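Undergrad: Mind looking over this structure? Questions follow.
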Amino acid sequence: MTNPTKLSHHAIVGSHYGFSATRIDDLGAAEYTLVAIAADASGSVGAFRRRIEKAIAEVALACKSSPRADNLMLRVLRFDNDLHEIHGFVPLPAIDAKRYDGCVEIGGATALYDAAHNAIGSVTRYGQDLADDDFEVNGIVFVITDGGDNASSARAATVKNALEHAVTSEALESMIAVLVGVNIDAATSRTLSKVKSEAGFHRYIELQDATASSLAKLADFVSRSIGAQSKALGTGHAGAALTF
Amino acid sequence: MHADATFVIGARHEVCEDWAAAGDAWALVCDGCSSSPRSDFGARLIGRAAERSLALGQLCPAHVVEAAAEQARNMALPARCLDATLLAAWHDPGGGCIRALAMGDGVIAARRRDGSLEAWSIEHPDGAPAYPSYLIDDERLGHYLRSHGRRRVVHHFDGPTRPRQTVVVQDEHLSLAPWCLRWAFPLSRYDMVAVMSDGATALRTPDGSTLSLGDSLRELLAFRRHRGRFVRRRVRGALRKCGWQLGDDLAMAAIWAPNDKLEAA
């Protein structure tokens with residue numbers, strides 16, 4: 001999918017996990033929307049992990065065919081007890097969606113806050129590097145999970161602080177963080193709604209099941225949201241909130 | 001060697017009459033005359049013709065204008081649409097330098113390897129720049145030479161000592177011979193050359209005051225990196241961060257020679 005020699009590695013303050021990203025000298029556009037998708041790979045996702053992989057691939061394909069494709073960079077990670085970067089920030093045209101086949105390797109517990117913190121932190125940190133070189137940058141993060149946190153070293157407040165820092169650092173013109181619940185029952189819905197409030201996510205959307213059609217609808221929503229955020233770049237505002 | 005170019009429409013313009021382009025080792029800007037018809041097209045035709053010439057490693061102004069005129073005729077555009085400036089810079093590997101050429105008004109800027117900046121602001125005080133299009137129309141050329149032709153070139157230097165300005169050319173009446181101004185910047189002494197439309201001299205602060213060219217250039221040429229869309233990023237970044245207003249369209253293109261090019265030369 002990508003040539004690893006073209007990626008540089010970065011640390012995130014307050015996190016054991018860093019991220020990788022395309023070297024700035026190799027970028028061809030002057031403005032970017034940074035997209036990070038963190039997908040739950042805990043044991044309970046096993047039954048529908050292929051559909052999650054397919055949804056990520058559909059997002060990548062849809063974004064590749066977007067008129068804004070040259071101005072989008074995507075990073076994907078999966079999380080269980082730990083975080084695993086599937087790939088760092090890469091311009092959409094360089095992504096082969098087939099790469100996502102088998103990318104969600106199922107592990108143990110759910111380090112939801114660690115994943116959210118890393119995804120948000122990576123957008124802010126790389127965004128700062130880009131902004132320092134006069135790139136115009138905004139960001140959008142999706143954290144996809146089927147349950148609440150049970151393995152993070154970070155807390156909800158850590159995620160909230162990371163989101164506040166994304167805005168106050170002025171590295172990013174705007175930032176949107178969306179929590180996505182998949183295969184959610186009533187009790188988990190309440191848990192994730194609380195996570196949304198405590199961690200400061202801008203939106204929480206949920207799918208009560210994890211069927212192919214539900215995840216296709218999710219992929220469509222994610223793609224449209226990325227497109228809206230990218231179109232908003234340069235306006236000083238975030239992209240419009242879309243209907244799920 | 002790396003080059004990039006960008007152009008931005010002025011605050012009160014309906015259409016951008018400036019144009020800019022860059023290739024692997026060349027960069028150019030054109031500025032269409034506001035009072036000539038369809039000069040937005042003309043600036044692009046002149047630029048496109050120059051682009052094709054520069055891609056072959058040369059730039060003959062007369063050939064450029066003739067090629068652009070042919071395209072204008074094919075598009076049923078008036079010949080006067082070609083009233084546009086042409087400022088270009090390109091790498092001359094044989095000469096170990098970056099060459100630059102200016103026809104009409106605008107700014108040629110160069111950065112020395114010690115970091116100091118030099119610029120030549122080409123001005124036509126009577127508001128009638130010496131467009132290359134006059135070279136293929138004897139009647140218009142004759143009229144221009146009889147009625148206009150005042151030109152002044154001001155050299156700006158911004159180095160470790162106090163910035164200074166010197167008038168280096170003061171033509172009261174142009175003749176054909178110095179129509180086209182040329183420079184050669186040895187790679188041993190210079191690492192970046194930029195060409196700009198006269199929009200670089202019409203930038204305003206948020207409170208409406210006109211910036212000095214020195215202040216504009218210090219910001220516009222403050223590149224941190226010279227890769228990718230470095231000119232576009234810097235121009236947009238300067239406008240965004242400084243809150244400057246564009247009193248005119250602005251076109252800017254630059255060519256950068258890293259140290260390895262110096263060694264190769």
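The values are calculated or read from the model by the stated rules, or taken from the named source; none is laboratory data. Because the structure is a prediction, the values reported are computed rather than measured. Methodologically, a virtual Cβ is constructed for each residue, glycine included, from the backbone with ideal geometry; neighbour enumeration extends over all protein chains shown. These accessible areas exclude ligands, DNA and RNA; they are computed on the full protein's heavy atoms, side chains included. Shrake-Rupley method; radii C 1.70, N 1.55, O 1.52, S 1.80 Å.
Undergrad: Using a 1.4 Å probe on the heavy atoms of the protein chains only, list every residue of the range B:225-248 that has 50 Å² or more less accessible area in the complete assembly than in its chain alone.
TA: B:ARG225, B:ARG233, B:ARG236, B:ARG240
Undergrad: Quick one: how many Å² of B:HIS155 are accessible to a 1.4 Å probe, rounded to 10?
TA: Accessible area of B:HIS155: about 30 Å².
Undergrad: Comparing B:HIS124, B:HIS226, B:HIS63, which has the greatest mean-square fluctuation in the GNM of chain B with Cα pairs linked when under 10 Å apart?
TA: Maximum fluctuation in the GNM of chain B, among the listed residues, is at B:HIS63.
Undergrad: In a GNM of chain A with a 10 Å cut-off on Cα contacts, which of A:THR110, A:THR191, A:THR22 has the highest mean-square fluctuation?
TA: A:THR191
Undergrad: Under a straight-distance cross-link criterion of Cα-Cα below 27 Å, which lysines are reachable from A:LYS194, leaving out those fewer than 8 residues away in the same chain?
TA: A:LYS160, A:LYS217
Undergrad: Which of the trypsin sites (Lys or Arg not before Pro) found in the range B:1-65 are loop residues per DSSP with 15 or fewer other Cβ atoms within 10 Å of their Cβ?
TA: Passing both the DSSP loop test and the Cβ count: B:ARG12.
Undergrad: Please give the charge dipole size of chain B, origin at the Cα centre, charges +1 on K and R Cβ atoms and -1 on D and E Cβ atoms. Round to the nearest 20 debye. Provide the component values of the computation, followed by the final result.
TA: On the way: 33 positive and 32 negative charges, 185 e Å.
Roughly 880 debye for chain B.
Undergrad: Leaving ligands, DNA and RNA out of it, report the carbon-plus-sulfur percent of the accessible area of chain B at a 1.4 Å probe.
TA: Carbon and sulfur: 47 percent of the exposed surface of chain B.
Undergrad: Sticking with this one: If I model a spin label at A:SER189 and A:ASP101 as a point 7 Å from the Cα along the Cα→Cβ vector, what separation in nanometres do I get?
TA: 3.7
Undergrad: Return the loop-located GluC sites (Glu not before Pro) in the range B:162-265 (DSSP other than H, G, I, E, B) with at most 13 other Cβ atoms within 10 Å of their own Cβ; answer none if there are none.
TA: B:GLU172
Undergrad: Around B:ARG164, what is the net charge, scoring Lys/Arg as +1 and Asp/Glu as -1 over all other residues with Cβ under 15 Å from its Cβ?
TA: So the surrounding residues net to 0.
Undergrad: Working with all protein chains in place, sort B:MET75, B:MET103 by solvent-accessible area computed with a 1.4 Å probe, largest first.
TA: The ordering from most to least exposed comes out as B:MET75, B:MET103.
Undergrad: Under a 1.4 Å probe, what is the accessible area of chain B per residue, stated in Å²?
TA: I get 43 Å² per residue for chain B.
Undergrad: Then there's this: Rounded to the nearest 0.05, what FRET efficiency do A:HIS16 and B:ARG218 give with R0 = 35 Å and r taken as the Cβ-Cβ distance? Could you check?
TA: Approximately 0.25, to the nearest 0.05.
Undergrad: Quick one: putting +1 on the C-beta of Lys and Arg, -1 on the C-beta of Asp and Glu, what dipole do you get for the protein assembly as shown around its Cα centre, in Debye to the nearest 20?
TA: My answer is approximately 260 debye.
Undergrad: For chain A, with a Gaussian network of springs between Cα atoms less than 10 Å apart, report the residue from A:ALA131, A:ALA94, A:ALA47 with the top mean-square fluctuation.
TA: Evaluated over chain A, the most mobile residue of the options is A:ALA47.
Undergrad: Give me a comma-separated list of calculated 3J(HN,Hα) values for the range A:58-66, in order, Karplus coefficients 6.51, -1.76, 1.60 applied at θ = phi - 60°, integers in Hz, x for any Gly or Pro.
TA: Whole-Hz 3J(HN,Hα) from phi for the range A:58-66: 5, 4, 4, 5, 5, 5, 4, 8, 6.
Undergrad: Further question on the same structure: Please report the accessible area of B:LEU45 (heavy atoms, 1.4 Å probe, ligands and nucleic acids excluded) in Å², nearest 10.
TA: The value for B:LEU45 is about 30 Å².
Undergrad: Rank these residues by their accessible area, most exposed first, probe 1.4 Å: A:LYS231, A:LYS64, A:LYS217.
TA: A:LYS231, A:LYS217, A:LYS64
Undergrad: Quote the accessible area belonging to B:SER216 in square angstrom, nearest 10, computed with a 1.4 Å probe and with ligands, DNA and RNA left uncounted.
TA: 0
Undergrad: How about the range B:96-203: which trypsin sites (Lys or Arg not before Pro) there are in a DSSP loop, with at most 16 other Cβ atoms within 10 Å of their Cβ?
TA: B:ARG113, B:ARG150, B:ARG189
Undergrad: How many angstrom separate the Cα center of the range B:201-264 from the Cα center of the range A:174-244?
TA: Cα centroid of the range B:201-264 versus Cα centroid of the range A:174-244: 39 Å apart.
Undergrad: Run the simple label-point estimate for A:ASP129 and B:ARG240 please: 7 Å along Cα→C-beta, distance reported in nm.
TA: It is 1.8 nm.
Undergrad: Does anyone have the angle between helix A:212-232 and the longest principal axis of chain A? Alpha-carbon axes, 0 to 90°, nearest 10?
TA: 30
Undergrad: Measuring from label point to label point, each 7 Å out along Cα→Cβ, what is the A:ASP82 to B:SER35 span in nm?
TA: With each label point 7 Å from Cα toward Cβ, the separation is 7.3 nm.
Undergrad: What angle do you read, to the nearest 10 degrees and between 0 and 90, between the alpha-carbon axis of helix B:138-147 and the longest principal axis of chain B?
TA: Helix B:138-147 sits roughly 70 degrees off the main axis of chain B.
Undergrad: In degrees between 0 and 90, to the nearest 10, how far off the longest principal axis of chain A does helix A:112-132 point, with axes built from Cα atoms?
TA: 10
Undergrad: Once R0 is set to 22 Å, what does the formula 1/(1 + (r/R0)^6) return for the Cβ-Cβ distance between B:ALA76 and B:SER147, expressed as a FRET efficiency to the nearest 0.05?
TA: Result of the calculation: an efficiency of 0.15.
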